[in-house]
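Heads up: the structure comes next, in structure tokens.
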Amino acid sequence: MNLTKILDQPYITKKHPYKVLIVDPERKTFDLSKKHFQADFLIERASTGDTALQMLGLQDYDLIIVQLHLPLFSGLDLTEHLNKLKPDLTLLILADKINDSEQIKLRALGYREPLNYSRFKDELDSLYKEFIYAEHKFRLIEKIKSELKKRYGFDRMLSVSKPVSDVCEKILKVADSRVPVLVTGESGTGKELV
């Protein structure tokens, strides 16, 4: 499949339904979400952080909504574990009150300030729409990366020469950086593979 065909697709293949895990000891977030969204989302609930980790070990979820203040195993601890175990997982954190140390820890983990329940309730539609948009955008980017890797990857380069091996080592050194690199050489030497 070429890249223009990928870009012409509305959002690749839609994942339907989205699986959402709500970690909510009081059920209010779960009940509100379950009542509001039935078609596009499969919504499940864990009452504790421990239960949430067990459920995440058994199946994959697209979105996790976590109450920050949970009994026993806190939502902050759960967030920290999820950040290590599944860094690409989308998390939405809810808390009515947050202290400075919790705020600092969440920022260090890369999360924004939690939403309070009333704001979550008011912005429910837009939050879920933003999630769907971001999820589709992420899938599109991953599909494009995959196609580019197939088309221009190292696996397409064949050589036993020392100079090409040296070039490959240099490429690997700068591959993950944002440094601009100028590749020069004669016509037909494989510059486009780099």
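The values are calculated or read from the model by the stated rules, or taken from the named source; none is laboratory data. Please read these numbers as outputs of a predicted model, since none were measured by experiment. Ideal geometry is used to build each Cβ from the backbone, glycine not excepted, and the neighbour counts take in all protein chains shown. Keep in mind that these areas ignore ligands, DNA and RNA; they rest on the heavy atoms of the full protein, side chains included. Shrake-Rupley method; radii C 1.70, N 1.55, O 1.52, S 1.80 Å.
For the reader, a short list of remarks on this structure follows.
- Here the condition is being open to solvent by 70 Å² or more (accessible area, probe 1.4 Å) and modelled with pLDDT of 80 or more; of T184, T189, it holds for T184 alone.
- Some residue of the range 130-138 being at pLDDT below 80, under 29 Å from D62 (Cα atoms), among the small types (G, A, S) and open to solvent by less than 100 Å² (accessible area, probe 1.4 Å): yes
- Exactly one residue out of L53, L82 is of a type in the set (A, V, I, L, M, F, W, C) and more than 23 Å from K137 (Cβ to Cβ): that is L53.
- Of all residues making up the range 101-111, the number that are open to solvent by 80 Å² or more (accessible area, probe 1.4 Å) and under 19 Å from L21 (Cα atoms): 0
- Top-ranked residue in the range 35-59 [being charged (D, E, K, R) and in contact with a strand residue (DSSP E or B) (Cβ under 7 Å, 6 or more places away or on another chain); ranked as nearest to D77 (Cα to Cα)]: R45
- Only listed residue being of a type outside the set (D, E, K, R) and surrounded by 14 or more Cβ atoms within 10 Å (Cβ to Cβ), chosen from L148, L124: L124
- Taken over the range 17-30, residues that are open to solvent by 20 Å² or more (accessible area, probe 1.4 Å) and modelled with pLDDT of 85 or more amount to 6.
- Total residues in the range 113-141, condition closer than 15 Å to Q67 by Cα and touching a strand residue (DSSP E or B) at 6+ places or on another chain (Cβ under 8 Å): 5
- Enumeration of residues in the range 28-49 that are in contact with a helix residue (DSSP H, G or I) (Cβ under 9 Å, 6 or more places away or on another chain) and charged (D, E, K, R): K28, D40, E44, R45
- Among the residues of the range 91-100, the ones that are surrounded by fewer than 18 Cβ atoms within 10 Å (Cβ to Cβ) and in contact with a helix residue (DSSP H, G or I) (Cβ under 9 Å, 6 or more places away or on another chain) come to 2 in all.
- Flag if V160 is of a type in the set (A, V, I, L, M), open to solvent by less than 90 Å² (accessible area, probe 1.4 Å) and either in a loop (DSSP other than H, G, I, E, B) or modelled with pLDDT of 75 or more (or both): no
- Any hit, the range 130-140, residues being of a type outside the set (K, R), in contact with a helix residue (DSSP H, G or I) (Cβ under 8 Å, 6 or more places away or on another chain) and within 30 Å of G190 (Cα to Cα): yes
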